[in-house]
1. For segment 123-178, give me each residue that is farther than 22 Å from THR571 by Cβ, among the charged types (D, E, K, R) and assigned to a helix (DSSP H, G or I).
2. Taking the stated definitions as given, is GLU251 acidic (Asp, Glu) and loosely packed, with under 15 Cβ neighbours inside 10 Å?
3. Restricting to segment 535-553, and then to whatever is at pLDDT 95 or above and of a type in the set (S, T, N, Q), can you tell me which residue is farthest from the chain's Cα centre (by Cα)?
4. Considering only segment 344-360, I want to know if a residue exists there that is over 18 Å from the mean Cα position of the chain (by Cα), modelled with pLDDT of 90 or more and assigned to a helix (DSSP H, G or I).
5. Conditions: (1) touching a Ser or Thr at 6+ places or on another chain (Cβ under 7 Å); (2) among the small types (Gly, Ala, Ser); (3) in a helix (DSSP H, G or I). SER233 meets all but one. Number of the miss?
6. Being in contact with a Lys or Arg (Cβ under 9 Å, 6 or more places away or on another chain), aliphatic (A, V, I, L, M), in contact (Cβ under 8 Å) with a residue 12 or more places away in the chain and outside any helix (DSSP H, G or I): is that true of LEU509 here?
7. Within the group ASN160, ASN126, ASN113, which residue is touching a Ser or Thr at 6+ places or on another chain (Cβ under 9 Å), under 30 Å from LYS74 (Cα atoms) and of a type outside the set (A, V, I, L, M)?
8. Can you confirm whether GLN186 is of a type outside the set (D, E, K, R), in a helix (DSSP H, G or I) and buried (at least 19 other Cβ atoms within 10 Å of the Cβ)?
Amino acid sequence: MGGILLIVEAPKKAKTISRFFSELTVKATVGHVVDLPVKEMGVEPPEHKPAYEAIKGKEKVIAGLRGAANASDKIYIATDLDREGEAIAAHVNNLLGRKHASKIARVTYTEINRSAIQKAIQSAHNIRWPLVRAQEARRVVDRYVGYLISKVLTQKVKQNMSLPDLPFLSAGRVQSVAVKLIVQRQREIACFKPVSHYGVRAVVHQHTGSSFITDWVPGESICDQNGLVVDESVAQKVKDNTHQLRHYKSESKRAAIMPPKPLTTEKFVQFCSGKLKITTKAAMASAQRLYEQGLITYHRTDSPVMSEEAVQAVRRYAVDKSLPIPDVAPVYSASASAQEAHECLRVSDIELQLPNDVDPQDQSVYRLIWEVTLLSQLDKGLDNRQTVWFLNETDEKFKARGRTLVNIGWRAYDSKYFKTNTTPKSTDEQPEQKLPPITDNDIFHDLSVSLQEKQTKPPQVLTEKTLVEQLARLGVGRPSTYAQTIEKIVSMKYVVRESKTLRFQSTSLGAVIVDALVPYFKFMDEHYTAELESSFDQIATNKADYHCVVDKVYQQLQKEMAAFESNDIKTNVKSDELSDFCKTTKKNTSRKSYAGKSNGSSNAKNTSCKVGDSCPDCKKGKVEKRLFKKDPEKQFLGCNQFPSCRFFAWPKSTG
C-alpha cells in the first residue's frame with residue numbers, strides 16, 4: 001500500500017510542510033525541471049510548439065520524483081499558484097507520464113500551514129491548462145525576441161561602431177523597454193534648461209508670537225503657458241504693494257487619510273525599495289524565504305483582497321491593543337487587469353513578531369509586511385483642511401493652507417514605516433500649517449514680505465522604486481518578473497545602479513542598444529508591449545488562442561528583422577566613448593570564483609565552521625547551507641548576507 005506524495009517547488013517549503021504532515025512524502029522540484037534548450041531556439045514556426053528538455057543538473061531531482069511517484073497511491077502537485085507554478089506543475093505531470101495520470105491532482109494555497117494545506121487537498125483540482133498556455137506564450141515570445149534579435153544586434157553594433165571585441169549583447173521584450181525608460185529620462189535631464197520664475201511670500205506675525213505663511217496666487221493673464229510668472233518686475237510690484245492683508249474668503253473640507261492598502265507584489269517591491277532601500281531582487285528573495293517558512297502568504301499576487309479569517313484576526317488584535325477599527329471591515333478589490341484571484345501579501349499570524357536573531361533584512365521585510373497587514377484594517381484618519389484667501393492693497397490674492405486633526409484613525413499606531421506629515425513634496429509648495437481663528441475682513445499688518453526667485457526642476461532620476469512604478473503604470477511586464485528584468489539590465493552593463501540610493505544611470509552601451517532597436521521594433525513601444533501582456537491574460541482566461549497570439553508576434557518580428565538587418569545604426573553615442581566604456585567594463589568585471597574574496601578573506605578550504613555559526617568574513621551574518629543552481633543536489637556553506645558577503649566553504653561531509 002503506497003502513501004501520499006506532495007510535490008512542491010522549494011526544499012525549504014518541503015521541510016516546513018513535512019513538520020505539519022509526517023504522514024506525507026514531500027518532494028521538491030527545486031524550481032523548473034524542464035526548459036527550452038540553452039544552445040538553440042527550441043521552438044520553430046509555424047506550430048510555435050516549444051521543445052522542452054530536462055534542465056542540466058536536475059537528473060537526480062527528476063529521478064527522485066519518479067521514484068516517489070511509483071511508491072505512491074496519490075500525487076498532489078502543490079507548486080506555486082501563479083502561472084509559473086502552473087507551468088511547473090504541468091511539466092512535472094508530463095514527466096511522470098500517463099501511468100500516473102489517474103493519481104495526479106493539483107492543489108494550491110496562499111499560505112503554508114496545516115489548515116491551509118488540508119483545505120487545499122480537499123479542494124484538489126485539475127491542472128489549469130489555460131494558465132500553462134499563457135505562461136508558455138510569454139516564454140516563447142520572449143525566446144523569439146531574444147534569439148532572433150540579440151545575435152544580429154551584436155553584429156551590427158560591432159560593425160557600425162568598429163568594436164570587434166564587443167561582448168555579446170541581448171535584447172528582451174521587457175528588459176529593453178526598461179533600458180529605454182532609463183535612457184529617455186537621462187536624456188530629458190541632460191537636455192533640461194531651467195526657467196527662472198518668481199513669487200511673493202508673506203509671513204503673517206501674530207501678537208501671540210506665532211505666525212503663518214501665505215503665498216501670492218497670480219492671475220492667468222500674467223503667467224506663461226506653464227502657469228509661471230517669468231517677469232521679475234511683475235512679482236516685485238506685488239511685493240512692493242503688499243503692506244497688509246485682508247481676509248476675504250475661507251474654505252474648509254474634511255479629508256479622509258486612508259491607511260495603506262493590503263499589499264500586492266507591485267506595492268510590496270515599491271515599499272521595499274522606497275522605505276527599506278533594498279532592491280526588488282532582495283525584496284523578493286526575502287519574501288520567498290518568509291513564505292517558505294510559513295510566515296507570510298504567497299508574495300506573487302496582484303490582488304489586495306484579504307481572507308475573512310485574516311481580517312477578523314487583525315481586528316481582534318487591534319481591539320486588544322486599543323487601536324481604532326471601523327464598524328465594518330474595509331473592502332478592497334482587485335483591479336480589472338489582475339491575473340489570478342490570489343489573496344494579498346500579508347503575515348500569516350498577526351500575533352507573531354520575529355525574534356531578533358533572524359536575518360536583519362528578512363526582519364525588516366517581515367516588519368514592513370506586518371505593519372501593512374495591521375494598518376490596512378484600521379480606521380481611516382480624518383483631517384480638516386482649510387484654504388484661507390487674503391487680498392493686499394491692490395487686490396492681489398494670497399492663499400494660506402492649514403490642516404487640523406479631527407480623527408486620528410490608523411495614525412494612532414506608531415508606525416515605523418508609514419507616517420503622515422504636512423511637509424510639501426516640492427519646495428515650491430506651501431506647507432500645511434495650523435492656522436489661527438480668522439474671521440471675515442480681519443486685517444493683518446505685521447508682515448514679512450519677500451520676493452522669491454525659483455527655478456524649474458528637471459525630471460527626477462529613475463530609481464528602483466520609480467522604475468517599477470513606471471513599468472507597472474505602463475503595463476510592461478508583470479511585478480513578479482521585475483526583479484529578474486532589473487538584475488539583467490544591470491548585469492549586462494546597460495545601466496548602473498547606485499548601491500545606496502538605488503538610482504539608475506544609463507551607460508553608453510545602454511544608449512546604443514536603445515537607439516539601435518527603437519526605430520525598427522514594435523516591442524520597444526511600451527503601449528504595444530502592454531497590449532501583448534493583455535493578450536497573454538486573454539489566453540489565461542480562454543479568450544484568445546495561443547497560436548494566433550504567438551504567430552502574430554513572430555510574423556511582425558520577421559518583417560522588422562528584415563528592415564533592421566538592411567540598415568545602419570544611428571546614434572549620438574561616439575564610437576570612442578563606447579569603446580572606452582567597454583574596455584573599462586571588461587577590466588572591472590573579471591570573473592571571480594565562488595571562493596573569491598569579496599570583503600575579507602573568504603576561504604573555500606575553511607571547513608571548521610558549521611551551520612548557525614557567525615560568518616568568519618563579515619562577522620554579521622550566519623553560516624547556512626546553500627544549493628548550486630546548476631547542481632541542486634550539491635550543497636556548500638555560505639553567508640546569509642549574500643550578495644554583500646560572499647563567504648564560501650565546503651561542508652566537511654562533501655569535502
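1. Residues satisfying the conditions are ARG133, GLU136, ARG138, ARG139, ASP142, ARG143.
2. Answer is yes for this residue.
3. This residue is ASN542.
4. Yes, the conditions are met somewhere in segment 344-360.
5. It is condition (1) that SER233 fails.
6. Answer is no for this residue.
7. ASN113
8. Against the criterion (of a type outside the set (D, E, K, R), in a helix (DSSP H, G or I) and buried (at least 19 other Cβ atoms within 10 Å of the Cβ)), GLN186 qualifies.
The values are calculated or read from the model by the stated rules, or taken from the named source; none is laboratory data. The structure presented is a predicted model; accordingly, all values stated were derived computationally and were not measured. For neighbour counting, all protein chains shown are included, and Cβ atoms are generated from backbone atoms with ideal geometry for every residue, glycine included.
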